[in-house]
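These notes are about the structure you will find just below.
The values are calculated or read from the model by the stated rules, or taken from the named source; none is laboratory data. Here the structure is a predicted model, which means the values were calculated and not measured. Here the Cβ positions follow ideal geometry from the backbone for every residue, glycine too, while neighbour counts run over all protein chains shown. Quick note on the areas: whole protein, heavy atoms, side chains included, nothing else; ligands and nucleic acids left out. Shrake-Rupley method; radii C 1.70, N 1.55, O 1.52, S 1.80 Å.
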Amino acid sequence: MKVSVFFDGQNFYRSLQRFDESLRVDYDKLAAWITQAVGGPGAIFAGAHYYVGVSADAPPLVEGFLKGLELRPGYFVKRELRVRRSGRCPACGVDYEYTTEKRVDTRLVAEMIHYAAIGAFDAAVLVSGDDDFVPAVEAVNALGRQVWVATWSADDLSKDLRVRCFGQIHL
């Protein structure tokens, strides 16, 4: 069984911080562990895809982390530029600016369905608990592939997403 892992980078990082902010992840061991948990001892790691929004002025530490992931065998990082937005605080009326991810989840969905359609994996592991991925899971299931969901905590997992996935992995 070929197993691919699809990381919603921001969701993964924020969930990790809520779970244990001192924890450091060994991504090679994580990929091997997930592959075995889903496919058993004969499973083949078919790649990990990490999707994230990055700011043009992102700290060097962020880019260093992403480049380090890309150097790992079978890891592919997809960066989308974050978009600047403005808002007004409803409580005090002060204007503020922030950045938000755009196209990250959509790219993950498109590529997961594409790879399912071409038979690049037998099982996909979605590392996110985000309810927005339900239609993607249904599409991959319709193509005859399994989708598993992996989260740090059940609190981070949408019930609708969980019931549409083949199985759940607690990280």
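Side notes on the structure shown:
- Yes/no for residue 152 being under 26 Å from residue 42 (Cα atoms) and at pLDDT below 90: yes
- The residue of region 55-93 that is nearest to the chain's Cα centre (by Cα), among those that are surrounded by 13 or more Cβ atoms within 10 Å (Cβ to Cβ) and of a type in the set (Lys, Arg), is 78.
- Of all residue pairs spaced 6 or more apart or on separate chains, those with beta-carbon atoms under 8 Å, a first member in region 133-144 that is free of Cβ contacts under 8 Å to residues at least 40 places away in the same chain and a second member that is open to solvent by 80 Å² or more (accessible area, probe 1.4 Å) and assigned to a helix (DSSP H, G or I) are 134/164; 137/164; 138/164; 141/164.
- Residue 103 being surrounded by 13 or more Cβ atoms within 10 Å (Cβ to Cβ), modelled with pLDDT of 95 or more and among the basic types (Lys, Arg): no
- Some residue of region 123-132 being within 19 Å of residue 3 (Cα to Cα), assigned to a helix (DSSP H, G or I), at pLDDT 90 or above and not polar (S, T, N, Q): no
- Taking first residues from region 28-50 that are among the small types (Gly, Ala, Ser) and partners that are open to solvent by less than 20 Å² (accessible area, probe 1.4 Å) and in a helix (DSSP H, G or I), the Cβ contacts under 7 Å between residues at least 6 apart in sequence or on separate chains come to 43/35; 48/31.
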